[in-house]
Amino acid sequence: MLLLALTLLAATLVGIDHYAGFLLDYQIRPLRLTWLQALAGGLWYSLSVMAILGAHEMGHYLACRRYRVDATLPYFIPAPGTLIGTFGAFIKIRQPIRTKRELFDIGIAGPLAGFAVALPALVIGLGLSHVARVPPNMQGLELGEPFLFQAVSWMWWGQIPEGYSLNLHPMALAAWFGLLATLLNLLPALQLDGGHISYAVFGRRARYLTLATLGAAIVLTFVSLSWLVWTILMAVMLLAFGPDHPRTLDEHVPLDPRRRWGARGARAIFILCFTPAPIQPLDLIKR
């Protein structure tokens, strides 16, 4: 509960900055807000991002409860002063998962629940956003647009003219981070959610997907340095735990057709959330 409160505070303070930037429309000028206006603006962001992360982890938790797998409630990680305000959340599963069916259901429940909250947040948030003129030589960060983000943006705003950009409402920004978190968790590697899903589908052959995913992540660091930290974390996990997923009791039993279709749905969500360059400095782009 303390971590939850600290994360809400950190995300709200970050959200206030995002809300102020939204109101400024890429301009440098004085902005006066009452404390109540600032708090309301910050909560647009913090409540949205924590709802997405919380839904993701509660999806895992409730699936664990369904199969009587011992797991903790979600732990939120505050990250004050960062662009997001949180390093996400996690649950700790305190016993081995027995079967591939249980592993699949627990692994996929998080991304599905988080995506189910991120999608309406994205639609509403982009509707609350607006198009603004971009000043020349503007500095800052450029957020890569996943396929789903582009589709919803076009639905609301159509083709944005040259020299203009969509100024994101804090709720839309929270949804963008939610899509990025879903993408990273669905990477088919190691003991990420995507790793659980790929092992449930492919068994021991999932190790080749793990190695291919790490190789692809290394390549993506040459496209955008924003992949670097995640790539290093995956490499450390690979060195610490090896490429093989912990075994279930029924490793050689094929997964049922319904769950195989669920795996295809997870792959579709991964594609919709994918962007090769999540975060790029604007001055680097201009060069």
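Would you confirm whether or not the range 173-190 contains a residue that is closer than 16 Å to PHE270 by Cβ, in contact with a Ser or Thr (Cβ under 7 Å, 6 or more places away or on another chain), among the hydrophobic types (A, V, I, L, M, F, W, C) and buried (at least 24 other Cβ atoms within 10 Å of the Cβ)?
Yes - at least one qualifying residue is present in the range 173-190.
List the pairs whose first member sits in the range 71-83 and is free of Cβ contacts under 8 Å to residues at least 24 places away in the same chain, whose second member is surrounded by fewer than 13 Cβ atoms within 10 Å (Cβ to Cβ), and whose Cβ atoms are under 7 Å apart, counting only residues at least 6 apart or on separate chains?
Every condition considered, the pairs that remain are ALA71/LYS92; ALA71/ARG94; THR72/LYS92.
I'd like the residue in the range 131-148 that is outside any loop (DSSP other than H, G, I, E, B) and of a type in the set (D, E, K, R) and, out of all such residues, is nearest to GLY178 (Cα to Cα). Show your work before the answer.
Of the range 131-148, the ones outside any loop (DSSP other than H, G, I, E, B) are 131-133, 141-143, 147-148.
Next cut, of a type in the set (D, E, K, R) only: 133, 142.
On the way: ARG133: 26, GLU142: 17 Å.
Once the filter is applied, the top-ranked residue is GLU142.
Is it fair to say ILE271 is without any contact (Cβ under 8 Å) to a residue 24 or more places away in the chain, within 18 Å of GLY195 (Cβ to Cβ) and surrounded by 12 or more Cβ atoms within 10 Å (Cβ to Cβ)? Write out each step before concluding.
Numbers: without any contact (Cβ under 8 Å) to a residue 24 or more places away in the chain: no; within 18 Å of GLY195 (Cβ to Cβ): yes; surrounded by 12 or more Cβ atoms within 10 Å (Cβ to Cβ): yes.
In short, no.
Here is a list of conditions, (1) crowded, with 22+ Cβ neighbours inside 10 Å; (2) outside any helix (DSSP H, G or I), and TYR45 meets all of them except one; can you say which number that is?
(2)
For the range 185-277, please list each of the helices (runs of 4 or more DSSP H) lying entirely inside it that holds at least 3 residues being aromatic (Phe, Trp, Tyr) and either on the phi > 0 side of the Ramachandran plot or more than 23 Å from the chain's Cα centre (by Cα) (or both). Show your work before the answer.
Values: elements: 193-202, 206-221, 228-241, 257-273.
It comes to none.
For THR12, indicate whether it is part of a helix (DSSP H, G or I) and either without any contact (Cβ under 8 Å) to a residue 60 or more places away in the chain or farther than 20 Å from HIS169 by Cα (or both).
Values: part of a helix (DSSP H, G or I): yes; either without any contact (Cβ under 8 Å) to a residue 60 or more places away in the chain or farther than 20 Å from HIS169 by Cα (or both): no.
For THR12, the condition - part of a helix (DSSP H, G or I) and either without any contact (Cβ under 8 Å) to a residue 60 or more places away in the chain or farther than 20 Å from HIS169 by Cα (or both) - is not met.
Determine whether ALA217 is more than 30 Å from PRO136 (Cβ to Cβ), touching a Leu at 6+ places or on another chain (Cβ under 9 Å) and not charged (D, E, K, R).
Numbers: more than 30 Å from PRO136 (Cβ to Cβ): yes; touching a Leu at 6+ places or on another chain (Cβ under 9 Å): yes; not charged (D, E, K, R): yes.
Yes; evaluated as a whole, the condition is true for this residue.
Only one residue in ALA118, ALA151, ALA113 is of a type outside the set (Ser, Thr, Tyr) and either part of a strand (DSSP E or B) or surrounded by fewer than 16 Cβ atoms within 10 Å (Cβ to Cβ) (or both). Which one?
Of the residues listed, the single one that is of a type outside the set (Ser, Thr, Tyr) and either part of a strand (DSSP E or B) or surrounded by fewer than 16 Cβ atoms within 10 Å (Cβ to Cβ) (or both) is ALA151.
Within the range 25-80, how many residues turn out to be of a type in the set (Asp, Glu) and either under 27 Å from GLY140 (Cα atoms) or in contact with a strand residue (DSSP E or B) (Cβ under 7 Å, 6 or more places away or on another chain) (or both)? Steps first, answer last, please.
Filtering the range 25-80 down to residues of a type in the set (Asp, Glu) leaves 25, 57, 70.
Going one step further and asking which of them are either under 27 Å from GLY140 (Cα atoms) or in contact with a strand residue (DSSP E or B) (Cβ under 7 Å, 6 or more places away or on another chain) (or both), we end up with 25, 57.
Residues that pass the stated criteria total 2.
Restricting to the range 1-42, and then to whatever is out of contact with any helix residue (DSSP H, G or I) (no Cβ under 7 Å at 6 or more places or on another chain) and aromatic (Phe, Trp, Tyr), can you tell me which residue is surrounded by the most Cβ atoms within 10 Å (Cβ to Cβ)?
Here the answer is TYR26.
Here, each number is a calculation from the coordinates, and none is a lab measurement. Remember, predicted model here, so these are calculated numbers, not experimental data. All Cβ positions, glycine included, derive from the backbone under ideal geometry; neighbour counts span all protein chains shown.
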